[in-house]
1. Exactly one of (1) at pLDDT 85 or above; (2) over 20 Å from Leu105 (Cβ atoms); (3) hydrophobic (A, V, I, L, M, F, W, C) is unmet by Trp9. Its number?
2. For the subset of segment 547-569 comprising residues that are surrounded by fewer than 14 Cβ atoms within 10 Å (Cβ to Cβ) and touching a residue at least 24 places away in the same chain (Cβ under 8 Å), which member is farthest from Leu506 (Cα to Cα)?
3. Got at least one residue in segment 96-107 being in contact (Cβ under 8 Å) with a residue 24 or more places away in the chain and part of a loop (DSSP other than H, G, I, E, B)?
4. Quick one: which residue in Ala385, Ala397 is farther than 27 Å from Leu554 by Cα, of a type in the set (A, V, I, L, M, F, W, C), outside the structural domain of Gly498 (by TED's automatic domain parsing) and in contact with a strand residue (DSSP E or B) (Cβ under 6 Å, 6 or more places away or on another chain)?
5. Given the structure, is Arg463 surrounded by fewer than 24 Cβ atoms within 10 Å (Cβ to Cβ), in contact (Cβ under 8 Å) with a residue 60 or more places away in the chain and basic (Lys, Arg)?
6. Against the condition at pLDDT 90 or above, assigned by TED's automatic domain parsing to the domain that holds Asp23 and not small (Gly, Ala, Ser), how does Leu171 come out, does it pass?
7. I need every pair where a residue in segment 425-441 that is on the phi < 0 side of the Ramachandran plot has its Cβ under 8 Å from the Cβ of a residue that is part of a loop (DSSP other than H, G, I, E, B) and charged (D, E, K, R), sequence separation at least 6 or different chains.
Amino acid sequence: MEEWIGQHWHRFVTAQADGTHADAAVSLAEMQRPIALLLHAAGGQARVAPAAPVAVGGERTLWQRLAGAGRRAPLGQLDAEVLALPERLAVHADAGLNRDLYLWLAALAAHLDPRDGDWLQANLAATQRTLAALPGLRARWQRLREAELALRPTATELGPERAVQAALRALRATAPVDPRDVAPVWCWLRPCAGALWSGAADAADEAGGAPPPHPPGARVTTLRQRRRVQHQDGEAARAPLLLAPKSEWLKTFTDPFPIDRAQDDHDDGDAATAAEELDALTLQRQPGPSLAARVRFDLDLPAASADDLPVGEGEWLSEWDPRRQTLVPRRVLAQAMAARDPVPWQPAPALRAQAARLRRRLALQQAAPRWLRGQRDGEALDLDACVRHLSHPVGVAAVYQRPVRAQRELASLLLADLSLSTDAHANDQQRVIDVIRDALFTFGEALSGSGDAFAMLGFSSVRRQLRLHALKGFDERWGAGVHARLGALKPGYYTRMGAALRAATLRLQQRPERQRLLILLTDGKPHDLDGYEGRLGQEDTRQAVQEARAAGLLPFAVSIDETAPEALPQLFGSQGWAWVRRPDELPARLATLYGQLTR
């Protein structure tokens, strides 16, 4: 009985202390697209993420004091890379106001400059710039300001709260205000941290990317603040696992405590939970090599004597730097590789039969005539043209359609991911690398009789070296030599996807055909040893896809990875990818997709 009463009392007190309007709530998920469109259209470069609660001031109500609430709120926050917004907005009784608040914060983030002064001055200056650049938002801002003032507590004396209300009314600051001293101001943005607010970054981050503050596999759903402190030169490094003497002062758990850990000391798995308990993550540079610079041993990598042979001097490729928002030239070396001892490879009879069926199907698709619409004479009526002519008759009626033989000017390049993950088994009989080999063979057999120019290229990477395997060139005949290279395929290293797409783009740009198709066949995400994963790998790959489209190519990704629906739409767009759920269906699905893309 006590437990039942306690649960109901807790729910009642928590609901009373909430103070929001659940019936008018608007989620960040449903506003994600308009927020991103407005942010980028206004000139902002940050990505949108859910915000973590931050400390706030103001007087709490009786119910908030009983529930222990009201000290933190998920306000909008901005740093040099991320715009963090509340996952759910229900501060106003009108759902339209909550939607307008999301859009206003996006527009404000595009014009916020930390050089304008403190929190109050920077938000006021950004508000004036936003209203000047986007005058259509002025009516929404006025409604939001009135609603914000209605939420403010009564300012009975001079202080931070009176300064905030005066600034909201007159858009003019009278004195600096610490945002932690006043009640939440929902229509303004908070800085995430000093270093990130000013756009500063560690040299170590510039070189290899900061290590994530959570264990592999953990998903951090909110943006956390962080601050950087310098390691004191006078502090002598202790031996691993040696605790500090009792004579030293005690620190709270939020302060940095520089204990030198042994190299074999592993995370206990609770870093993500601990991070959620902190207002700001403290990053401190320790003496000695950084994590990214330590020697890593990977026993899965082949020995040099068993590795493929480099061919030629290689070519330098650029790579996208998301921190500086620019392409860094000569960043990745693309090195052509060849198998040491390629041996003749004979596909299984079942695979040959499947390839023959796909070849006949593709030939029938290409032989089908294309209907030329909107003609003055022809074999059939064009219903769309008839409707247009009857509604707006102009001149001679062009309401017929006739079949014509399609003239194809098409070049295709199939880019195959040969990373270490392809050594895993796709089913009980085949590894992923075997499925990819079968898909390449059926693809080549199907296209060899079509007359379309096509090439095949495999890739893997080790840090900033891209390893390219030329399986078939555009001017090379499909035959035993290509079959031998397919038979010699084996799992390589890692997946520097952006560099591979750029190398393929350079080869396709040299083709004279009008239509050029770039198909990426992969089983994973962008990944490499030097921090090329997460945001760095995703933004570089997305930039490489945009470069391919700007060059007149059609990039398309085909994946057999279960996480493809989460990763590929952000890289290739909603219509630029396909997921093959059963790996053994990849050869047939690849030929079908080719036919659909080249209609």
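1. Every condition holds for Trp9 apart from (1).
2. Taking segment 547-569 as the starting set, the residues that turn out to be surrounded by fewer than 14 Cβ atoms within 10 Å (Cβ to Cβ) are 550, 552, 562-563, 565-566.
Among the residues that remain, those that are also touching a residue at least 24 places away in the same chain (Cβ under 8 Å) are: 552, 563.
Details: Gly552: 12, Thr563: 29 Å.
In this case the residue turns out to be Thr563.
3. Restricting attention to segment 96-107, the residues satisfying the condition of being in contact (Cβ under 8 Å) with a residue 24 or more places away in the chain are 97-107.
So of that shortlist, the ones also part of a loop (DSSP other than H, G, I, E, B) come out as none.
Among the residues of segment 96-107, not one is in contact (Cβ under 8 Å) with a residue 24 or more places away in the chain and part of a loop (DSSP other than H, G, I, E, B), which makes the answer no.
4. Details: Ala397 fails: in contact with a strand residue (DSSP E or B) (Cβ under 6 Å, 6 or more places away or on another chain).
Just one listed residue meets the conditions, Ala385.
5. Details: surrounded by fewer than 24 Cβ atoms within 10 Å (Cβ to Cβ): yes; in contact (Cβ under 8 Å) with a residue 60 or more places away in the chain: yes; basic (Lys, Arg): yes.
Yes, satisfied.
6. The answer is no for Leu171.
7. These pairs meet every condition: Val432/Asp523; Ile433/Lys490; Ile436/Asp523.
The values are calculated or read from the model by the stated rules, or taken from the named source; none is laboratory data. The structure displayed is predicted, hence computed values, not measured ones. Cβ sites come from the backbone with ideal geometry, for glycine too, and all protein chains shown count toward neighbours.
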